[in-house]
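Step one of this worksheet: look at the structure below.
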Amino acid sequence: MKRLSRTVSAVTLALLSAAPAFADVELKLFHRWPNAPFKPYIDSVIADFEAANPGITVVTDQVLNDSYKDKIRVVLGSSNQPDIFFSWSGEWAFNIARAGRSMDLTPVLAANPDWAGNIIEAQIEPFTMDGKVYGLPWQMDGKAIFYNKDSWAQAGITEEPKTFGELMAVCAKLKEAGQLPLLFGSKAPWAISHYIGTFNERIIPAEVLAADYNRATGEFTHPGYVTALEKFQELSTCMNPSPNGIDHETERNGFVAGRGAMSYLQYAEMGYLKDATFPFGFFIFPSIEDGEGQPDTLQGAPQGWMIAEGSPHKEEAVKFLQFLLSPEMGARLTTETGIISPIKGAVTDQSATPEQIVAFDQIMNAGDPYIWLDTALDANVADAYMKGVQLLLDGQKTPADVMADVQAAAKRVRDGL
């Protein structure tokens, strides 16, 4: 695969010669990637942007995923809010928009149709509320079961499972071969939401999910929710002991080190698999027998950026997003970080590995994705779900107990509107 240059490109130099000079402006950018490969990429884009836009300086602050969720809520209500900040899509973004903390970007897209037309439209929709766009996608993402092909071969497994029953049969063969079938770390509870969201998609009718995931109408009384948790319990017999004691990064590192045959990972994590000493494959979570939901949808959603409504530098912030979400930067994003860019033409055999191209095709062909459960639901309902499932994994609650807690949280949310 050809690698794109990390130096200031000819396109950037052309922008430099044509760019108007701005009065000295300092843009504050807040994101959740303090580590490689993402931070070096963001820093290099900022350097190119500053070279092309004299007078604008971009300063960054960054904290890891779980700390970010808490800190962004605080800083957006402070006098030291960022101009541009990372955001998940769905209810997470809508909650910020309803609070008046994010800029309506609809006029920006309308005023810049050529640039806006480069963004895959379906990836903008999860940032759209009441016909207004409040965020722009930076990465396309989804969830798949990644597997160690060597481990599977040693266990005599030759085909990817198409049903949940076949997945459990794969686990049984791996156990017989003396291998840990499935790594899982749920110390950070968001990882739980990806599994539960997937089981809900497969088992519960789409119209029921749509009503229950809406904070104004959610009740979560369909019996399929309990069934989904029972199926998750069944799958947990394939996992390492005490998943609540390890985090997702430990899970992923364990997979890369060959300590487990499978791991439920995001496509955005492909960049970490470069250190694996074995060939890997991946498949979308299989259908579930007798499920009333969608058999082949994808758990996942775009993640992107918002501009703070209180920013005194909206014009410059928009200019930075136009630079960041350009075709050149999109191709570099995929090449340098492994993230699947939502910019048209960015994911090609010149910028992406064969595996990334497969992931891109899976996202594009999976129909409407279901947004990560923890960002699709009201935060109070999501917290009840995730904390309840942690206790389920520890044997302290039953599936019915967990759903009783979720139903109570949903009622409190409805009553508070």
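Derivation of every value follows stated rules applied to the coordinates shown; laboratory data play no part. No experiment lies behind these values; they were computed from the predicted model shown. Note that we place each Cβ from the backbone using ideal geometry, even for glycine, and neighbour counts take in every protein chain shown.
Rounded to the nearest Å, what's the spacing between the alpha carbon centres of the stretch 353-417 and the stretch 227-273? Just the number, please. Their Cα centres are 16 Å away from one another.
Model label sites at K175 and D150, defined 7 Å from Cα along the beta-carbon direction, differ in position by 2.5 nm.
For the chain, the longest principal axis of the C-alpha atoms and the axis of helix 399-416 are separated by about 40°. Placing +1 on the Cβ of every Lys and Arg and -1 on the Cβ of every Asp and Glu, with nothing else charged, gives the chain a dipole about its Cα centre of roughly 640 debye.
Can you tell me the 0 to 90 degree angle between the C-alpha axis of helix 327-337 and the longest principal axis of the chain, rounded to 10? Taking the Cα atoms of the chain, the angle to 327-337 is about 50 degrees. Basic side chains Lys and Arg get +1 at the Cβ, acidic Asp and Glu get -1 at the Cβ, and with that the dipole of the stretch 154-275 about its Cα centre reaches some 240 debye.
The residue list F220, V347, G291 was ranked by how far each Cα lies along the charge dipole of the chain toward its positive end, using unit charges on Cβ atoms, and V347 comes out on top. Amide H to amide H distances under 5 Å link S341 with M140, T334, where only residues 5 or more positions off or on other chains count and H is placed in the peptide plane.
Based on Cα contacts under 8 Å between residues 6+ apart, the chain shows a relative contact order of 25 percent.
Could you pull out the pairs from K187/K397; K143/K173; K149/K231; K69/K411 whose alpha carbons sit more than 20 Å apart here? K143/K173; K149/K231; K69/K411, as the Cα separations exceed 20 Å there. Each of G77, A409, T398 was placed along the dipole of the chain (beta-carbon charges, centred on the mean Cα), and the one lying farthest toward the positive end is G77. What is the sum of charges around P205, taking Lys and Arg as +1, Asp and Glu as -1, for the other residues whose C-beta is under 12 Å from the C-beta of P205? Local charge sum for P205: -3. Of all aspartates and glutamates in the structure, the ones whose alpha carbon falls short of 18 Å from that of K314, not counting any fewer than 8 places away in one chain, are D24, E26, E50, D83, D104. Partners of K39 within straight-line reach, counting aspartates and glutamates whose Cα lies under 15 Å from its Cα and excluding those fewer than 8 residues away in the same chain: D48, D61, E269, E336. Placing unit charges on each Cβ (+1 for Lys and Arg, -1 for Asp and Glu) gives the chain a dipole about its Cα centre, and among Q233, S326, Y272 the Cα reaching farthest toward its positive end belongs to Y272.
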